[in-house]
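S.K.: Can you read through this structure? Questions will come right after.
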C-alpha cells in the first residue's frame, strides 16, 4: 500500500556544507524523524547533478522500515552558501503555496534550514525513481503539450487569493535590476558568445535590454499580480509515462503579471517557427483556461500586447545562463527567446 505524503516539515538543523557531509545517516535520521520510520542505516547515492543548485538522488535505507527514494536539493559548492535564500523561497512554496494547488508537483518531505540561516536543503521525492522523464529544449514539446502546461499555469495564476497569505512573495524584476550579478557589461559579453547564433545586433544589446526591463518592471508594478513560477523553460518540467506534465524548480517563484510566465514558457518550450505559428491559438487557450479556473482574463487584444511586452523577462534569464550542460540547451533556448523578442519588437513596444 502506498504511504500518504505527510505535510512539509520545517526543520532547524545544521545543514551539511558539502556533498560528502550530506551522506551521513545520522543527519538523515534527524531530518526524516517526523516520518516515524526509525533511524536511517545507510544513504546510497544514485546520481548527482550540479548546475546552480545541486540535486542528489539518494536511496535512504531505514534500519527497520524499508527505503525511500529522495532528491536532496541545495547549494553545496564553495561560496554558494548565500544562495540559501533561494532554497528557502522554494521551500516556502512547497510548504505554504503548493498545498492549495491542483498541480503535478514532487512531494516535499522537509525543508531543512541551518539555525544561522546560512544554508538550506530540500528533501523531495525522487521523480526519476518513479519513472519520470525530464525534457530539455533539445527535445521540443508539442503544441498540445504546451497547451497542457499553459492550463496548469492558468490554474496557478487564478489563485490570486494566495498572494495575501504569502507576503514573502516579492517581485522579481526589481531584484534583477538591483542585482550586481553578472553586471550589464558581462551580460553584453555573454549575449555575444557562441549562443548568439543568427540573432540581429539590435536584440543583442544589453543596454537596450536593461532599459526594456526597467520599463517592464514599471508596467508590472502597476498591473494586477498572480503567483508566478518564474522560470518556465522545458528543463523545469517532468513527464510521466502516461503523458502527465508537471513543473519543477520553484526557486524563482514570485508575484507579477501572468504574461511574464506565459511569454517565457511558450517561447522557451517551442521551436521558433512553431511558436510563431501556434502562439495566438495557445494564448487564446490559456485565456480560456484562466477564466475557467476563476481568474480574470483580459480581452485577447489586451493579452496579446501584454504577451509581446513581457518577452524580455524570459530572454534575460538565458542571456546570463552559464552553467547548463550541454551548452546546446542554452544556445537553443536563447535563440528561441531572442527571436520572440525580435519578432514582436518588444524593446520598441516598451519604449526602449
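The values are calculated or read from the model by the stated rules, or taken from the named source; none is laboratory data. Just so it is clear, the model here is predicted, and its values are computed rather than measured. Cβ: placed from backbone, ideal geometry, glycine included. Neighbour counts: every protein chain shown.
S.K.: Please state which one of 77, 84 is at pLDDT below 95 and assigned to a helix (DSSP H, G or I).
M.R.: From the options 77, 84, the qualifying one is 84.
S.K.: Next question. Test residue 95 against the stated conditions and say whether it is in the same structural domain as residue 45 (by TED's automatic domain parsing), closer than 24 Å to residue 69 by Cβ and at pLDDT 95 or above.
M.R.: So residue 95 fails the test.
S.K.: Another one. Scan segment 148-166 and give yes if some residue there is surrounded by fewer than 17 Cβ atoms within 10 Å (Cβ to Cβ), out of contact with any helix residue (DSSP H, G or I) (no Cβ under 6 Å at 6 or more places or on another chain), modelled with pLDDT of 95 or more and at positive phi, otherwise no.
M.R.: Within segment 148-166, none of the residues are surrounded by fewer than 17 Cβ atoms within 10 Å (Cβ to Cβ), out of contact with any helix residue (DSSP H, G or I) (no Cβ under 6 Å at 6 or more places or on another chain), modelled with pLDDT of 95 or more and at positive phi.
S.K.: Okay, next question. Only residues that are touching a residue at least 24 places away in the same chain (Cβ under 8 Å), outside any helix (DSSP H, G or I) and closer than 18 Å to residue 108 by Cβ: list them for segment 18-58, please.
M.R.: 32, 37, 53, 54, 56, 57, 58
S.K.: A follow-up question, please. Could you run through segment 168-181 and say how many residues are in a loop (DSSP other than H, G, I, E, B) and modelled with pLDDT of 95 or more?
M.R.: Going through segment 168-181 one residue at a time, the tally reaches 4.
S.K.: Return yes when residue 348 is farther than 18 Å from residue 234 by Cβ, under 23 Å from the mean Cα position of the chain (by Cα) and either without any contact (Cβ under 8 Å) to a residue 24 or more places away in the chain or buried (at least 23 other Cβ atoms within 10 Å of the Cβ) (or both) and no when it is not.
M.R.: It is false that residue 348 is farther than 18 Å from residue 234 by Cβ, under 23 Å from the mean Cα position of the chain (by Cα) and either without any contact (Cβ under 8 Å) to a residue 24 or more places away in the chain or buried (at least 23 other Cβ atoms within 10 Å of the Cβ) (or both).
S.K.: Would you say residue 153 is farther than 21 Å from residue 74 by Cα and within 17 Å of the chain's Cα centre (by Cα)?
M.R.: Values: farther than 21 Å from residue 74 by Cα: yes; within 17 Å of the chain's Cα centre (by Cα): yes.
In short, yes.
S.K.: Here are some residues: 91, 116, 74. Which one is without any contact (Cβ under 8 Å) to a residue 24 or more places away in the chain and either more than 25 Å from residue 152 (Cβ to Cβ) or within 17 Å of the chain's Cα centre (by Cα) (or both)?
M.R.: 116
S.K.: A follow-up question, please. Tally the residues that are in contact with a strand residue (DSSP E or B) (Cβ under 8 Å, 6 or more places away or on another chain), surrounded by fewer than 17 Cβ atoms within 10 Å (Cβ to Cβ) and not in a strand (DSSP E or B), restricting the search to segment 130-147.
M.R.: 2
S.K.: For residues that are surrounded by 12 or more Cβ atoms within 10 Å (Cβ to Cβ) and more than 15 Å from residue 212 (Cα to Cα), tally how many sit in segment 176-188.
M.R.: Of the residues in that region, 3 qualify.
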